[in-house]
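The values are calculated or read from the model by the stated rules, or taken from the named source; none is laboratory data. Being a predicted model, the structure only gives us computed values, none of them experimental. Don't worry about glycine lacking a Cβ; one is built from the backbone with ideal geometry, like all the others, and counts go over all protein chains shown.
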Amino acid sequence: MLLSTRTDLELLAKRVGSELATISDRTSLRLEPLVISRPSFGGWFVDLARLPGQRTFTLFLDRSTGRHKREPWYGFSTTRRDDAEVIAKAAASVIGQEPIRDAVARPITKNEYGQLFLEAISSREFYVGIYAPVEALIYPTRTALRRIARFARDVVRVLDGHAGSTPMALEGSLPGIVSTARVRRDILARRGQAAFRNRLIGYYGACCFVSGPHPAFLLEAAHLATAKGRDDHSVSNGILLRPDFHALFDLGHLAVEPVSRKLWLSPEIRKLAQYNDFHLASPQVSKRQLAALDATALAVRWSRLTWTPSSAS
C-alpha cells in the first residue's frame, strides 16, 4: 500500500489507532473517532487522539507542492508557539533528533523515524511531527505501525511528566508540593553549575539517574549534599536528572534508599500515573557508579523526608 490516497490514509489511521488503543493507557491521550478532513493546501488528515491544552495527534497526507515534495507525516498540532517548542523538546528527547524548522525548504532526512520538524502554518497553527519516508509506509509492517503509536505514547508521557518544562512551572503543577523561596532560588541557581554538570556527563554519560538515556540538553546536575558556598562537586556527590525529577528530588518527593539504593517516591507523587512505575525501581547507572555514591549524603537526605517510606512500599 503506497500512502497516496484518502482511502490509504483511512486504512493506515485505523491500524495505527488500533495500536494506540493497546498502549496509550496511563497517558493523557484520548482516542478520537476517525474523520478524514481536507486542508486548504491539499491532501488529507485525520486526528487520531486529543490531548489537554488544545493539542491533537494527527496523521497527515500532504499533497501540497513546494521546493521539495512533501511526504506523509504524523505528529502533534497546537495553537501556541511556546507549546510547540515544548512538544518539540519532548519529541527530541524521545527520538534523539533535533527538529528542523521551515521543513518545506529542506530535503528530508532518511532514517528509522524520518525527519522531526517544527513548522508554523499561521499564528494559531503549529505542527511538530515526523516526515516519514514513503518507503516505510508501503505495505506498512506491524513494526512500522507500532513505531508511530510508540512515538505518540512516549512523547505524551514526557509531556505528562513535564520533562523539558522549567522546574518552576513543574513546582506549581504537582499536588502536595509546598514551594519555598529557598527551593526556588536553588532551582534557578543550578543553571550556573556548568562545570559540575559537564563532569557528571563525562562520568555517567547522557543518562538521567531515574529514567535513563536522554539528550544531554535535558539533563541537570543534582548535588546529594549541599552546603552554602562550599558544595562538593565530586562525582560521588552528584547525579544527573531530568528537570521534573530534579525538582522532585530538591523538594523531597524523590529519594534514594541508602542501603538498597532503590528509588522511592512520596505517596503524593505515586498517585500520578506518569511517575508510579519509577517507585522502587533501580537507578539507571552501573552498579559501580551506584556503589560509589556518598552514603552519608544519601542517609542525611533519607532522614529528612517528611513522609514515611515504610508506610507504602
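All of (1) closer than 22 Å to Gly202 by Cβ; (2) of a type in the set (D, E, K, R); (3) loosely packed, with under 12 Cβ neighbours inside 10 Å hold for Arg304 with one exception: (1).
Among residues of the range 272-313 being in contact (Cβ under 8 Å) with a residue 60 or more places away in the chain and part of a loop (DSSP other than H, G, I, E, B), the one that is farthest from the chain's Cα centre (by Cα) is Asp294.
For the residues Ala227, Ala247, Ala189, Ala169, the requirement of being at pLDDT below 85 and assigned to a loop (DSSP other than H, G, I, E, B) singles out Ala227.
Would a scan of the range 268-284 turn up a residue that is within 22 Å of Phe196 (Cα to Cα) and not hydroxyl-bearing (Ser, Thr, Tyr)? Yes, the range 268-284 contains a residue that is within 22 Å of Phe196 (Cα to Cα) and not hydroxyl-bearing (Ser, Thr, Tyr). Across the range 204-225, the number of residues qualifying as more than 16 Å from the chain's Cα centre (by Cα) and free of Cβ contacts under 8 Å to residues at least 12 places away in the same chain comes to 1.
Quick one: is Gln274 out of contact with any Leu (no Cβ under 7 Å at 6 or more places or on another chain), surrounded by 14 or more Cβ atoms within 10 Å (Cβ to Cβ) and at pLDDT 95 or above? Taking the combined requirement at face value, the residue does not satisfy it.
Considering each residue of the range 40-47 in turn, none proves to be at pLDDT 75 or above and surrounded by fewer than 16 Cβ atoms within 10 Å (Cβ to Cβ). Quick check: anything in the range 73-86 modelled with pLDDT under 85 and either touching an Asp or Glu at 6+ places or on another chain (Cβ under 6 Å) or hydroxyl-bearing (Ser, Thr, Tyr) (or both)? For the range 73-86, residues modelled with pLDDT under 85 and either touching an Asp or Glu at 6+ places or on another chain (Cβ under 6 Å) or hydroxyl-bearing (Ser, Thr, Tyr) (or both): absent.
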